[in-house]
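Structure first, then comments.
The values are calculated or read from the model by the stated rules, or taken from the named source; none is laboratory data. Keep in mind the model is a prediction, meaning the values are calculated, not measured. All Cβ positions, glycine included, derive from the backbone under ideal geometry; neighbour counts span all protein chains shown. Accessible surface areas use protein heavy atoms only, side chains included; no ligands, DNA or RNA. Shrake-Rupley method; radii C 1.70, N 1.55, O 1.52, S 1.80 Å.
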Amino acid sequence: MIRSNSIFLLSSIILFLPLGSVYTKDFNALCSTCRQLVDKFDKGLEKTAKQNFGGGNTEWEERKLSKYELSEIRLTEILEGLCDSSSFECNHMLEENEEHFETWWFKRKTKHPDLFKWFCIETIKVCCPKGLFGLDCNTCIGGADKPCHGNGKCDGDGTRSGNGKCSCDKGYEGEFCLDCSDGYFSALRNDTFSLCKECHESCDGCTGGTNQDCKECRNGWEKDPEGACIDINECTKDPATCKDNQYCLNTDGSFSCKECDIRCSGCKGPGASYCLTCADGFKDEESTCTDINECTEDPALCKDNQYCLNTDGSFYCKECDTRCSGCKGPGASNCLTCADGYKDEEGTCTGITFHRGIA
């Protein structure tokens, strides 16, 4: 038998496994493994098509290729590439059913070209056709063409497992997935078809898709005189909704509190132009809070031998360079006068060099 020597070790291991340890009758997993086997087989067919032929005597090639195309050699090459060595499930299924692959290859392929249908569904019976489920391949609710009426998934669909019950898609519910769930309304419905659409965001239950079709309004919304659900502007409520130094931002059905700009002491919106008053270190200039330059407004802010460095809303006092006696900024080029032992050379305080006389 093909590949029998290459899988001798695997067969030996299987003989010593306890009964029931190989097949747990997890048909969902078995069908998945079978599908993977067939997919790999199809890829093997593509890979070996016209293999080792190309150029030269066309008539000779066609004659040789015809023999290779249906040969045991080609089948062996395909089978050897079906399973990874680490995949026990794949190797076990292949080892148990290798004769079926040979039978299909040599006797059934022409009459039954669909290997998945012949092998997985009709021969080893681990899968069902799409839209069918369970050991006997029963038809899913809604029919094989539209399981769960197209609005959900049939448990076990396409395998020999499952109970056929529907897991409905979002917006649908019920045994047949024909009913609309909360937050949705029926736009179209008959015995075999249902189209559910989402309610307007303002609605708590609805009969249609607009804010005028709400049964009730959701929190954050209220009915206007015409009965439509409209947004409640929480930011206009009294007392204030947000904390000090925050402003209120209204959104559909809700609101959020945002921090004021650092230049503000209280605000009614984002940025320095929405300040109620300016924070310390800032002043109002043309309705916008701007930084106060403390260093220019009060030159005596810092001690002797320090210079003032302005920052947003504040300032720092920094020590002058050691070469300076008083300064207006960092480094020896910003000295007001030079410290002892230094002299001004082209605007920079540099060290004085002393020369000893020759005796």
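In table form, for the structure just shown:
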| item | result |
| --- | --- |
| Cross-chain or 6+ apart pairs with Cβ under 6 Å, the range 152-169 first and more than 15 Å from Cys34 (Cβ to Cβ), then open to solvent by 40 Å² or more (accessible area, probe 1.4 Å) and of a type in the set (Val, Ile, Thr) | Cys166/Ile141 |
| Residues of the range 128-149 that turn out to be among the hydrophobic types (A, V, I, L, M, F, W, C) and assigned to a loop (DSSP other than H, G, I, E, B), as a count | 6 |
| Members of the range 161-182 found to be open to solvent by less than 50 Å² (accessible area, probe 1.4 Å), under 26 Å from Asn211 (Cβ atoms) and in a loop (DSSP other than H, G, I, E, B), listed by number | Gly171, Ser181 |
| In the range 183-208, residue farthest from Asp231 (Cα to Cα) [restricted to those that are in contact (Cβ under 8 Å) with a residue 40 or more places away in the chain and open to solvent by 60 Å² or more (accessible area, probe 1.4 Å)] | Thr192 |
| Count - residues of the range 75-123 that are assigned to a loop (DSSP other than H, G, I, E, B), open to solvent by 30 Å² or more (accessible area, probe 1.4 Å) and touching a residue at least 12 places away in the same chain (Cβ under 8 Å) | 1 |
| Test: residue in the range 81-96 that is closer than 23 Å to Phe133 by Cβ, within 40 Å of the chain's Cα centre (by Cα) and of a type outside the set (A, V, I, L, M, F, W, C) | yes |
| Residue pairs meeting the criteria (Cβ under 8 Å; at least 6 apart or on separate chains; first touching a residue at least 24 places away in the same chain (Cβ under 8 Å), in the range 307-333; second assigned to a strand (DSSP E or B) and among the small types (Gly, Ala, Ser)) | Arg323/Gly351 |
| Subset of the range 308-332 that is of a type in the set (Ser, Thr, Tyr) and touching a Cys at 6+ places or on another chain (Cβ under 8 Å) - its residue that is most open to solvent (accessible area, probe 1.4 Å) | Tyr316 |
